[in-house]
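Undergrad: If you scroll down you'll find the structure; I have some questions about it.
The values are calculated or read from the model by the stated rules, or taken from the named source; none is laboratory data. Only a predicted model underlies this, so the values are computations on that prediction, with no experimental measurement involved. As a convention, Cβ positions derive from the backbone with ideal geometry for all residues, glycine included, and neighbour counts pool all protein chains shown.
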Amino acid sequence: MPALGIPEAELTPKVRAATQALLQEMDGLRSELERSRAHVARLEKLADEDALVPVANRRAFVRELSRMVSFARRYGTRLSVLYFDIDNMKHVNDTFGHAAGDAAIAHVASILIDSVRGSDIVGRLGGDEFGVILANATKKTAHAKAEQLVRTVAARPVGAGGRSFAVRVTYGAHSLEAGDDAPAMIEKADRAMYTRKGRDQAPLS
């Protein structure tokens, strides 16, 4: 193809050399732009991802929940949030060490990631607290999913430092209601979790 649309026969040696240099410079700029875009994408991912486990951090979780609340209100779809807290984390840290505590957090995060749909979002909301956004999920569906996740976590021991130990989680669930925004949904699910924890939690043996 002629360079820049100019027939080859009309190019003098100097023009041909200048044209070739210009094309090479354009290729270099294009490559630099692609590298810059990739770098920005990596930075955006780092800004949205938790420092310990590969899930959304709280800021990204709230942003995505806000977006999904707007979508649910506009199209009349269902939306639910689950709030999980790892039980007896002080016991885990005191008995097995803080590295084991980090392993327990990573273990629970891995189970949540593997157990939800691609349309759902998992986030770490605090030290040992996680949230899950369930798209198009009713209250009944949300509780059923949460109970399944609680059982899965309890059935899979954590391995750390050559030792194995069990962890449990307590959950709260909240489904979108009139007047809810993202922070309100998270707060209500959090309160439901603490109500359930006070009622159901038993000491680890």
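Undergrad: Just checking, does the stretch 132-148 include any residue being of a type outside the set (A, V, I, L, M, F, W, C) and within 17 Å of Val53 (Cβ to Cβ)?
TA: No, the conditions are met nowhere in the stretch 132-148.
Undergrad: Condition test on Arg67, is it surrounded by 10 or more Cβ atoms within 10 Å (Cβ to Cβ) and at pLDDT 75 or above?
TA: yes
Undergrad: Something else now. List the pairs whose first member sits in the stretch 114-134 and is over 21 Å from Arg191 (Cβ atoms), whose second member is of a type in the set (Gly, Ala, Ser) and outside any loop (DSSP other than H, G, I, E, B), and whose Cβ atoms are under 8 Å apart, counting only residues at least 6 apart or on separate chains?
TA: Listed pairs, sorted by first residue: Arg117/Ala135; Ser119/Ala135; Asp120/Ala135.
Undergrad: Quickly run through the stretch 163-189 and pick out the residues that are under 15 Å from Ile111 (Cα atoms) and either in contact with a Leu (Cβ under 8 Å, 6 or more places away or on another chain) or in a helix (DSSP H, G or I) (or both).
TA: Ala166, Arg168, Val169, Tyr171
Undergrad: Among the residues that make up the stretch 95-108, is at least one of them over 18 Å from Ala166 (Cα atoms), within 18 Å of the chain's Cα centre (by Cα) and at pLDDT 95 or above?
TA: Checked the stretch 95-108: no residue is over 18 Å from Ala166 (Cα atoms), within 18 Å of the chain's Cα centre (by Cα) and at pLDDT 95 or above.
Undergrad: Within the stretch 103-144, track down each residue that is surrounded by 15 or more Cβ atoms within 10 Å (Cβ to Cβ) and of a type in the set (D, E, K, R).
TA: Asp120, Arg124, Asp128, Glu129 - these are the residues of the stretch 103-144 that are surrounded by 15 or more Cβ atoms within 10 Å (Cβ to Cβ) and of a type in the set (D, E, K, R).
Undergrad: Let me ask something else about it. If I ask for residues that are among the basic types (Lys, Arg) and free of Cβ contacts under 8 Å to residues at least 24 places away in the same chain, which ones from the stretch 74-108 would you list?
TA: Result: Arg74, Lys90.
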